[in-house]
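Taking it in order: structure first as structure tokens, then the write-up.
None of the figures in this text is laboratory data; all of them are computed from the coordinates on show. Nothing here was measured: the structure is a model prediction, and the numbers come from that model. When we count neighbours, we look across all protein chains shown, and the Cβ atoms used for this are built from the backbone with ideal geometry, even at glycine.
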Amino acid sequence: MAGLATPRPAEPPAAAQCGGFDIAVAFSGGLDSTALLHATARTASGLRVLALHVNHGLQAQSDAWEQHCREQAAALGVGFASRRLSGRPGPGKSVEAWARAGRHAALQAMTVQAGADLLLLAHHRRDQAETWLLQSMRGAGLAGLAAMPAAQWRDGVCWARPWLQQSRQTIEAYAHEHGLRWIEDPSNADARFARNALRQHWAAFEGAEVGLVQSAQWAQQALQLASEVAEADLQQVATADALDLTAWAHLSPARASNALRTWLSQQLQQVPATLVQRLLTEAKPDAALRWPAPDGWLEAYRGMLRWVPEAEPVEGGDRTIDLSRPGRYPQRDWGGAWCVTAASAGGVPAECLHALRQHRRRGGEQFQRGPRTVARALKKAYQSAALPASQRQGPLLSWGEQLVYAPGLGLDARVVAMPGEPRCLIEWQADPDLLQGEGRDEPVE
């Protein structure tokens, strides 16, 4: 099928080849991802393909859908891996946003663990047009109107959408031609979700699909230009951790706004539009003010604007822990448990597991997401993964001075066992019910 021959972007610096799978495909089991997995398996001659499924746990059929995907992958002769999301969105929070953030984090983690550097997603032309319309109706700026890029690197993994120029009708025809079976998710008909509501009236926009996608492409070009201008401006008006308000004030209003939004995106996980507007109005070189910001606040003092993180909550105690046997290790003072399982691939070398240090964050920790990436500040790793504070809670694990595990991110790539070494997988599972009573390190079989 046309579209799979989309070239990869150039390799990022310091990229290196390693074993494992060559291509990962996000596989929900729906029409689009089923067709993409089938086409990839047929055309990726000599390459090892892995289907990645994320079980959101939101539907009664979720486990049955996961089993369907497992069987489809086996029938195609490709690998299969899955991950179930834990928790639920908080009161008043968007189910769509919660599921999207969890899905993206799970896909990235599974791709890295598999040793792949290319992740294919089945978004097509209508998806792109819908995204542009929804972002436009929300009053989005260039970043929103640019919709979905055809390819982008995220921490050593190329997220690619080879079918952004394909119509849904073409993909559906391909699926019928090859007799494919796919899942129909009943929640796709739930008009409470904005994208579903739009799809129910898509006939009114279908003729404009190509034009809407072209608009997204123009926005992508404009966004790239704005990024290049901001990078040049920030070299003049920003230091490693602060924005020089005196120098920033000499920029034109458009360039000042562009530079501010870019600088904020380097500091914060999310950049609320209301915060940008307040800063444009109130941040002056002689100001001594604070503004609430995600996970902390912004502080203007002596002509410099800085982001100040909230103090990390002190939850459990620091101690040495032995995780050398498979099982579940409740940590009641942290409100969760370590789950250790024997593994044939990935995982931590067994020699590391006898005397791990369990501890809270102190600042300065470095985390490496994948074998082709460089170690970076743990805070930056969390921001890059778009993990909210609620998914970062729990203790860190270290072996000597080397960070081993960070909740929400998983294993540091520098401690993954080499082929042939005995190894175990470690996962932190939050469980607030464990906050009562005393902790224990013995595995519960």
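Structural remarks
- Oblate is the label for the range 235-281, because the ratio a/c of its alpha-carbon gyration tensor axes (a ≥ b ≥ c) is 1.5 or higher and a/b is not greater than b/c.
- Amide H within-cut-off set for LEU118, under 5 Å, with H built and near neighbours excluded: ALA24, CYS158
- Near the amide H of TYR405, within less than 5 Å, lie the amide hydrogens of LEU397, ASP412, all on another chain or at least 5 residues away, with H placed in the peptide plane.
- Between the labelled values [x] 62, 59, 43; [y] 69, 64, 44; [z] 104, 54, 38, the entry that holds Cα extents along the principal axes in Å as derived from this structure is [x].
- For ALA175, net neighbour charge (Lys/Arg +1, Asp/Glu -1) across residues whose Cβ lies under 12 Å away: -1
- In a reduced charge model with +1 at each Lys and Arg Cβ and -1 at each Asp and Glu Cβ, the chain shows a dipole moment near 480 debye about its Cα centre.
- Whether the range 109-240 is rounded, prolate or oblate, judged on the alpha carbon gyration tensor where a/c under 1.5 counts as rounded: oblate
- Amide hydrogen neighbours beyond the local backbone of TRP297, cut-off 5 Å, H modeled: VAL308, GLU310
- Only helical runs count toward this figure. For the chain, summing -39,500 (n - 2.57) over DSSP H runs of n ≥ 4 and dividing by all residues gives -10000 deg cm²/dmol at 222 nm.
- Using the Karplus relation 6.51 cos²θ - 1.76 cosθ + 1.60 with θ = phi - 60°, the per-residue 3J(HN,Hα) values for the range 144-155 come to x, 5, 5, 6, 9, x, 5, 7, 7, 8, 10, 6 Hz, with x marking Gly and Pro.
- Within the range 66-215: Cβ-based charge dipole about Cα centre, in debye rounded to nearest 20 (Lys, Arg +1; Asp, Glu -1): 480
- Dipole of the range 376-430, positive direction: furthest Cα of SER384, GLY400, MET418, with charges on the beta-carbon: SER384
- All other residues whose Cβ lies under 13 angstrom from that of ALA350 are scored, Lys and Arg at +1 and Asp and Glu at -1, for a net of -1.
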